[in-house]
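Encoded as C-alpha cells, the structure appears first; notes follow it.
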Amino acid sequence: EMEGLQAWWFCVGQNGLLVHVEGDARRVPLLRHPEELGVQIDHEHFLGVLDDVPVWVGGIDRHMDGPEGLSFEQLRSLYTRLPEPVWTLAGRAVQVAEWHRTHQFCGRCGERTELSRGERARKCPSCGLLNFPRLSPAVITVVTRGEEALLARGRTFAGPMYSALAGFV
C-alpha cells in the first residue's frame with residue numbers, strides 16, 4: 001500500500017514541470033500529495049519506484065504559477081540541473097501527462113474516453129479504440145575513428161554541451 005507515503009511527485013502543467021528552485025539546482029518535490037503545496041492536480045498516474053520511493057505524475061490541465069520556492073520549468077532546461085535518472089523519469093512524466101490531457105476523446109468516433117483497467121491506456125466505451133502513451137523512438141549514431149568520436153554541439157544547447165548525433169525515427 002503506497003497511498004499516504006512520501007513520493008516523488010512530477011507535477012506537469014502546460015507550462016512545464018514543477019520543481020524546487022535551490023540556487024542553480026532543481027529538485028522534484030518529495031511529499032505525500034501536491035495538495036500539501038497548495039497545488040491542485042487534475043489527474044494522477046503511478047510511474048513506479050525510484051530508490052524505494054514511489055513515483056507519481058500529477059497532471060495539471062491549466063496554466064498556473066508555482067507556489068513560493070517552486071517554479072514550472074521546461075524539461076530541456078532541467079537536463080543539467082536534475083540527476084540523470086530523475087530527468088529521464090521527468091521525460092516519461094511529461095509524456096504520460098500530455099497523453100492523458102490530449103486523449104480525452106476518441107479519435108475514431110468522438111466519444112469521451114475512459115481509463116482502461118489493467119494497462120496504461122484510454123479506451124473508447126463506444127467503439128473500443130485503445131490509445132496508449134506515445135513513444136518517440138530515436139536513432140543515436142556515434143561516428144568513430146580509432147579512439148576518437150565525432151560529437152556535435154547544437155546551437156540551442158545551454159553551455160558547452162556536446163552529444164552524439166541523434167534523430168527521431
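The values are calculated or read from the model by the stated rules, or taken from the named source; none is laboratory data. Bear in mind that the values here come from a model prediction, so they are computed numbers and not experimental data. No Cβ is skipped: glycine too gets one built from the backbone with ideal geometry, and neighbour counts run over all protein chains shown. Protein only, heavy atoms only, side chains kept; ligands, DNA and RNA dropped before computing areas. Shrake-Rupley method; radii C 1.70, N 1.55, O 1.52, S 1.80 Å.
Check whether at least one residue in segment 109-118 is open to solvent by 70 Å² or more (accessible area, probe 1.4 Å), in contact with a helix residue (DSSP H, G or I) (Cβ under 9 Å, 6 or more places away or on another chain), of a type outside the set (Asp, Glu) and in a strand (DSSP E or B), and report yes or no. Within segment 109-118, one or more residues are open to solvent by 70 Å² or more (accessible area, probe 1.4 Å), in contact with a helix residue (DSSP H, G or I) (Cβ under 9 Å, 6 or more places away or on another chain), of a type outside the set (Asp, Glu) and in a strand (DSSP E or B). Name the single residue, out of those in segment 125-168 being in a loop (DSSP other than H, G, I, E, B) and touching a Leu at 6+ places or on another chain (Cβ under 9 Å), that is least open to solvent (accessible area, probe 1.4 Å). Per the stated criteria, the residue is 164.
Any chance segment 58-69 includes a residue that's modelled with pLDDT of 95 or more, under 13 Å from residue 10 (Cα atoms) and open to solvent by 20 Å² or more (accessible area, probe 1.4 Å)? No: zero hits. A Cβ distance below 9 Å, combined with a sequence gap of six or more or placement on separate chains, defines the contacts here; from segment 82-100, residues that are among the acidic types (Asp, Glu) reach residues that are open to solvent by less than 50 Å² (accessible area, probe 1.4 Å) in the pairs 98/12; 98/59; 98/133. Within segment 64-80, residues that are of a type in the set (Ser, Thr, Tyr) sit with their Cβ atoms under 9 Å from residues that are assigned to a helix (DSSP H, G or I) and at pLDDT 90 or above, at 6+ positions apart or across chains, in these pairs: 79/87; 80/87.
Please find, within segment 103-134, the residue that is farthest from residue 46 (Cα to Cα) out of those that are touching a residue at least 12 places away in the same chain (Cβ under 8 Å) and aliphatic (A, V, I, L, M). Among those residues, the one meeting the criterion is 129. When residues in segment 71-108 are screened for being in a helix (DSSP H, G or I) and open to solvent by less than 70 Å² (accessible area, probe 1.4 Å), 15 of them pass.
Criterion applied to 12, 55, 28, 21 was being in contact (Cβ under 8 Å) with a residue 24 or more places away in the chain, out of contact with any Phe, Trp or Tyr (no Cβ under 7 Å at 6 or more places or on another chain) and open to solvent by less than 40 Å² (accessible area, probe 1.4 Å), and the one residue passing it is 12. Considering segment 1-36, the residues that are modelled with pLDDT of 95 or more and β-branched (Val, Ile, Thr) include one that is nearest to residue 83 (Cα to Cα), namely 28.
For segment 31-47, the candidate set comprises residues that are free of Cβ contacts under 8 Å to residues at least 40 places away in the same chain and assigned to a strand (DSSP E or B); within that set, the residue that is most open to solvent (accessible area, probe 1.4 Å) is 44.
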